[in-house]
Amino acid sequence: MSPESQLIPYPDSPRRPLTGIRVLDLTTAVAGPVAALLLGALGAEVLRIETPWARPRQPASALPHRGEVPDEPWNREARLNELANSKRSVALNLTHEEGRAVFLDLVEHADVVLENYSPRVMGNFGLEWDVLSERNPQIIYVAMPAFGKSGPWRDRISYGPGIDAMSGLSWLTGYTDGSPLKPGNFYCDQNAGLHAAVATVAALISRCQVAGQTVELAMLEGELQLIGEAMVGQQLSGREPTRIGNEHSSAAPHGVYPTQPALGDADSWIAIACRNDDEWQALLTVWQDESVRSDRRFATGLRRWRHRAILDQRLRDWTQKFNPFALSERLQEAGAPASPVMGARTLLRDEQVLARQSVGGLQHPQVGLSPAPQAAFRLSETPAPPKNASPLFAADTVPVLREMLGYSEERIAHLLESGAASDRLRER
Amino acid sequence: MTERDPEIAPGPLDGVSVVELSETSAGAYCGRLLAGMGAAVTMLEPHTGSPIRRSGPFRDDTPDIEGGATHLHLNRRKGSLRLRLESRAGQRLLDQLLGDTDVLIIDIDRRRWSANGIDPDGFRSRHGQLHVCTISPYGTQGPKSQWLGSELTLYAAGGYLRIGGEPDREPIKAWGEQGHLQAGLHAALGVLSALYANAGGQHVDTAIYEALAFLLGGGYQHAWFSDSEPLRNGARLVGFGPGHLYPSTIRPCMDGWIHAHCNNRYPEAMAVLFEQPRLAEAGLLSTLMGHADEVDELMAPMLMRTPRREVVKRAQELRIPFTEVLAPSEVVADADGHHESRGFWQSTPHPRDGEYQAPGPAVRFGRTRWIDGSAPGLGQDNGRLGTPAERVRWRRAGVA
């Protein structure tokens with residue numbers, strides 16, 4: 001464990017797998033931007049299409065200003081710094097006829113259009129699949145509606161945490177004696193983003209056979225994949241599954257136990273999971289307590305599970321004497337699965353995170369070096385870590401109009417003047 | 001080009017062959033995604049069957065190697081070969097199979113790789129176009145690469161455990177095997193990227209703890225710039241820095257719970273919904289999280305006298321994104337017919353008798369399709385291995 005947080009800048013990678021692919025990213029909130037940043041790291045050129053007034057001038061959660069550069073708080077918004085990495089920024093007004101015309105010109109030069117509006121919005125813009133595919137038969141149009149593009153809930157609105165509730169996952173998540181809880185902060189969004197990235201690459205693979213196509217990723221249906229065994233299981237057993245917190249359905253000890261404060265943090269814990277007799281015996285080689293070893297209530301896996309409340313209390317009494325990092329190492333060496341309960345702060349100090357660069361640094365012009373996690377796989381021949389920090393607002397509007405679309409200086413000036421496009425943040 | 005008939009269109013991965021060695025839901029979900037998108041996925045199982053088969057619930061609570069809920073969900077539309085990899089002959093057979101394989105998924109305990117002849121570099125050197133996807137708790141490199149991991153300890157190792165639960169209690173993870181399933185998703189993205197890159201066979205080295213660390217997203221900004229950890233926040237969103245949003249929370253109502261989502265927007269509509277003019281006053285919803293307890297109190301009277309379906313109906317009419325907290329049985333029962341109208345639940349034959357409703361497509365393609373099927377019987381495809389004479393020899397030797 002490093003005493004200080006460390007951030008190693010991500011290396012450049014010239015051989016990313018989606019090099020040459022261009023994505024028009026119309027997404028907002030969390031799910032769509034996650035899909036787009038994954039595609040960006042994989043090598044796609046992602047143009048984040050933002051409305052000219054998209055960002056608040058004084059965001060509530062602005063990151064610290066680096067000092068020696070212009071102070072533009074809208075370029076330091078924490079959420080965007082997290083979610084817009086590996087992209088470029090183009091400001092277009094799709095409610096403006098000329099803005100839509102520019103977008104359709106971009107479609108001709110793109111491979112993927114990605115959006116997560118309510119189902120009716122693209123139609124209101126006049127940018128349905130038929131229109132896009134007429135301009136570019138190879139285009140892949142990925143939509144990420146909350147409930148799907150059909151069905152009685154089609155026009156309901158929801159964000160990710162609301163879908164967690166509708167999927168059953170919130171109902172299932174919680175303490176054994178408690179109410180439903182969220183399964184994470186934006187869990188459904190992250191899950192939908194990953195599914196959409198998977199589906200997009202699959203559609204690219206099949207493009208040589210079927211040209212472009214639509215891809216519909218309903219956030220709800222993506223999340224239902226993750227609790228399929230609960231849905232199938234309740235039909236088989238006739239019983240509703242219950243909230244079990246950190247417990248295992250048949251093994252003990254299996255929980256989270258308090259420890260000595262580590263790195264000055266009173267909220268310090270260790271997770272220990274003994275799934276079989278071997279792992280229990282491994283725990284006992286470190287937890288050298290004869291009264292536990294000889295206690296008949298803990299003699300078999302079934303007995304330990306039946307008496308888990310007593311066992312957990314004994315274990316809590318023991319773990320709270322130790323540092324969670326040192327104790328985890330001792331338990332792992334003995335063969336018992338254990339881990340300190342890490343957090344973002346401790347992960348930035350962790351030797352495994354540093355060795356694998358699970359979280360690396362991206363250089364932002366107004367914020368400086370900023371952390372960004374990378375996807376959980378490493379490709380041996382075509383590495384694909386995050387490639388650039390969140391772009392400054394509209395920084396790429398003019399270069400894209402000029403170089404990608406070949407517009408004249410006069411036309412660009414007209415588009416900026418009319419408000420169809422923008423090279424800076426505007427008032428609505 | 002017109003839309004293809006979805007009944008006859010192939011999956012986007014039609015023609016891709018995958019061999020899956022999975023002991024956990026991470027590899028199994030990676031395989032399910034590839035199978036659903038049209039790849040031919042064959043599970044390679046030990047004689048006792050994959051451990052996934054032993055995960056319940058089971059019909060009538062009777063353990064059944066063919067009828068566990070996780071197997072019936074995650075292993076649909078896969079084949080199964082029963083093979084003794086501990087034997088040299090079994091390892092040779094695997095190597096033979098890999099000659100016609102595009103992707104090998106390895107998700108078995110690293111301590112048994114050697115005894116089972118699992119050697120990702122060796123496989124790749126003998127089969128130049130083979131993509132080898134390993135899924136392990138901490139990845140194959142780094143000081144913790146030999147550490148053991150379970151769903152719970154990896155939740156802890158990836159930092160996602162810390163933000164779940166009540167602030168004055170121990171942190172808790174989400175239900176099920178979300179960490180392993182997320183790792184399966186990452187692995188699938190890595191495999192597809194390798195297939196698309198067409199740069200020769202690749203090693204796709206997936207670490208389960210990293211799939212959880214990825215979920216922390218903005219938490220790293222908070223930690224890097226303020227050197228502090230956010231505290232879990234019960235049913236409310238965890239705030240990273242000063243930008244707490246409210247309400248995005250689960251609240252009790254007359255007959256259950258609803259998810260209330262407003263996040264400092266729609267103050268007038270909120271005041272109408274709850275018949276509480278205070279909710280529209282400047283400084284309440286516009287003050288981030290500062291009045292969360294008061295907002296809860298203002299919502300409570302209406303919630304406690306109104307059924308959740310009615311609460312959500314009224315909120316949605318006002319374009320406030322509230323939803324019901326549904327139990328699994330209610331999701332399957334589908335009272336509004338939403339899933340039925342989309343053909344989501346798939347009637348699937350149970351291996352013993354009757355049918356069950358299984359989740360359908362994760363994604364819907366316009367010109368290719370998602371394909372579902374049944375979970376395979378253990379070793380159901382052994383008959384397609386080798387010649388009849390070889391099969392007799394392997395059976396006698398206890399290999400296959």
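Read-outs throughout are calculated quantities, based only on the coordinates presented, and are distinct from any laboratory measurement. Treat the numbers as computed from the prediction; the structure is a model and nothing was measured. Here the Cβ positions follow ideal geometry from the backbone for every residue, glycine too, while neighbour counts run over all protein chains shown.
Some values worked out for this structure:
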quantity	calculated
DSSP-assigned coil residues among trypsin sites (Lys or Arg not before Pro) in the stretch A:89-198, each with at most 13 further Cβ atoms within 10 Å	A:ARG120
In degrees, nearest ten, helix B:308-317 long axis to first principal axis of chain B (Cα)	80 degrees
Cβ crowding within 10 Å averaged over residues, with A:252-265, B:291-304, A:160-173 ranked highest first	A:160-173, A:252-265, B:291-304
Local electrostatic count at A:ARG88 - Lys and Arg +1, Asp and Glu -1, tallied over other residues with Cβ under 14 Å	-1
Two-site FRET efficiency, A:GLU290 against A:LEU369, from Cβ-Cβ distance with R₀ of 45 Å, rounded to 0.05	0.30
Per-peptide average of other Cβ atoms within 10 Å, ordering A:396-402, A:385-391 highest first	A:385-391, A:396-402
Peptide-level mean, for B:166-172, of C-beta atoms on other protein chains within 10 Å	6
FRET efficiency, 1/(1 + (r/R0)^6) with R0 56 Å, evaluated for B:ALA199 and A:SER237 via beta carbons	0.75
Normalised alpha carbon radius of gyration of chain A [divisor 2.2 N^0.38 Å]	1.16
Total formal charge among the other residues, if their Cβ is under 15 angstrom from that of B:THR140, Lys/Arg +1 and Asp/Glu -1	+1
Cut-off 13 Å between beta-carbons: net charge of the residues surrounding B:ALA269, Lys and Arg +1, Asp and Glu -1	0
Highest average packing first - A:10-16, A:191-197, B:89-95, B:145-151, Cβ atoms within 10 Å	A:191-197, B:145-151, B:89-95, A:10-16
Gap separating the Cα centres of the stretch B:246-263 and the stretch A:1-75, nearest whole Å	32 Å
Full-extension gain in nm, B:SER114 to B:MET304, via 0.36 nm per residue minus C-alpha separation	62.4 nm
Shielding by other protein chains, A:65-74, mean Cβ within 10 Å	0
Crossing angle, helix A:187-205 versus chain A [Cα axis fit, 0-90 degrees, rounded to tens]	60 degrees
Pairwise label distance in nanometres, A:ARG120 with A:LEU263, each label 7 Å out on the Cα-Cβ vector	4.8 nm
Ranking of A:CYS274, A:CYS208 by count of other Cβ atoms within 10 Å, fewest first	A:CYS208, A:CYS274
Shielding score for A:251-261, defined as the mean number of other chain Cβ atoms within 10 Å	2
Virtual spin-label span in nm between B:ARG393 and A:GLU98, 7 Å along Cα→Cβ	7.8 nm
Ranking of A:ASP105, B:ASP107 by count of other Cβ atoms within 10 Å, fewest first	A:ASP105, B:ASP107
Principal-axis tilt of helix B:292-304 within chain B, Cα atoms, nearest 10 degrees	90 degrees
Packing-based exposure ordering (other Cβ within 10 Å, fewest first) of B:ILE105, A:ILE244, A:ILE49	A:ILE244, A:ILE49, B:ILE105
Rough spin-label spacing in nm, given labels placed 7 Å along Cα→Cβ, for A:ALA211 and A:ALA326	6.9 nm
Relative contact order (percent, whole number), chain B, Cα cutoff 8 Å, 6+ residue spacing	20 percent
Spatial separation of Cα centroids for the stretch B:38-92 and the stretch A:99-142, in angstrom	43 Å
Calculated FRET value between A:ARG306 and B:GLU297, using beta carbons and R₀ = 41 Å, to 0.05	0.50
